[in-house]
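Working notes, beginning with the structure itself.
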Amino acid sequence: LMSSSVVLGASGATAAVTGAYLALFPSSQVTMFFWFLLFVDTFVISSLWLVLFQVASNIFLKFFGGLAGQANVAYMAHLWGYAFGFAVGMGLLATRILPREPYDFLAMVDRWNRRRQLRQVTRTEGSPWVADASDQPTKQVAPSTPEERKILALRNEVMQSLTDRKPDHALAAYERLLAVDPQRPLPQQTQLDLANHAMNAQHHEVAAHAYELFLTAYGAKGHREVELILGLIYARYLDRPDRAKELLASAVEHLNDGEQKRLAQEALEQLN
């Protein structure tokens with residue numbers, strides 16, 4: 001409607017699928033292949049930055065592409081495609097027609113907001129490293145041994161990496177932390193974020209340990225999806241059918257989401 005040129009092609013629909021992908025999987029990693037003359041290589045980039053780059057390049061080419069001989073391309077169709085696909089994907093998530101996942105765009109926005117609140121609390125109320133400050137003495141005791149100092153440094157590194165939106169770095173620091181302090185959980189949302197990232201990165205042993213610490217420290221009430229995820233990890237990747245059955249049976253009993261309950265039931269039936 002905004003162009004007098006005849007346009008034929010599917011690029012607008014492809015852009016819409018890309019926009020929907022951004023809503024559903026913003027933290028996924030995409031492997032890019034490129035070559036320049038005889039130089040060939042690959043690199044990995046977040047899908048969030050890749051799609052935003054595509055949108056920005058289409059905006060630039062829409063207004064300045066004519067200078068480079070790129071005028072006969074439907075850039076507005078691409079831009080509206082990105083917007084339409086993203087809006088539909090977010091609508092499906094918001095209405096729960098599609099089940100919510102810990103890695104979708106709404107979850108990412110929620111984590112950004114939590115980290116913003118964390119930074120604000122840190123500036124006004126002091127250290128955020130204690131899970132529940134109301135149960136702790138107001139004066140913190142400095143670590144007295146090299147091991148305690150190392151543990152504190154690693155916990156701080158994990159938290160700071162998450163605040164800086166470096167989940168891979170946070171996960172690497174968390175794995176080092178588990179080697180010296182395997183039984184002490186991090187604050188509730190941090191523990192859950194790390195477990196989710198370990199699962200997405202296919203570090204199944206680390207993810208299972210992190211989820212188990214979460215359930216032990218904070219319980220499953222209000223987080224029944226953790227039982228489902230942990231049960232699936234044990235059933236599909238770590239060959240612990242007894243623990244998987246226990247978790248999946250509890251998930252079937254307590255989950256409210258119909259799709260999640262169905263998934264837990266199917267996994268439980270396969271184990272039996």
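The values are calculated or read from the model by the stated rules, or taken from the named source; none is laboratory data. No experiment lies behind these values; they were computed from the predicted model shown. Positions of Cβ are backbone-derived with ideal geometry, glycine not excepted, and every protein chain shown enters the neighbour counts. Keep in mind that these areas ignore ligands, DNA and RNA; they rest on the heavy atoms of the full protein, side chains included. Shrake-Rupley method; radii C 1.70, N 1.55, O 1.52, S 1.80 Å.
Of the conditions (1) at pLDDT 90 or above; (2) open to solvent by less than 20 Å² (accessible area, probe 1.4 Å), A179 satisfies every one except a single condition; which number is it?
Among (1) at pLDDT 90 or above; (2) open to solvent by less than 20 Å² (accessible area, probe 1.4 Å), the lone unmet condition for A179 is (2).
Just to verify a result, which residue in region 205-224, among those that are modelled with pLDDT under 90 and out of contact with any Pro (no Cβ under 8 Å at 6 or more places or on another chain), is most open to solvent (accessible area, probe 1.4 Å)?
K221
Rundown of residues vs (1) touching a strand residue (DSSP E or B) at 6+ places or on another chain (Cβ under 8 Å); (2) modelled with pLDDT under 90; (3) exposed (fewer than 12 other Cβ atoms within 10 Å of the Cβ); (4) not polar (S, T, N, Q), yes/no style:
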site: V44; (1), (2), (3), (4): yes, yes, yes, yes
site: V51; (1), (2), (3), (4): no, no, no, yes
site: Q54; (1), (2), (3), (4): no, no, no, no
site: L61; (1), (2), (3), (4): no, yes, no, yes
site: N72; (1), (2), (3), (4): no, yes, yes, no
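(1) modelled with pLDDT of 85 or more; (2) over 25 Å from A195 (Cβ atoms); (3) crowded, with 16+ Cβ neighbours inside 10 Å; (4) of a type outside the set (A, V, I, L, M): which one isn't true of W35, the others all being true?
(3)
Exposed (fewer than 12 other Cβ atoms within 10 Å of the Cβ), modelled with pLDDT under 90 and within 23 Å of W112 (Cα to Cα), is that true of R100?
no
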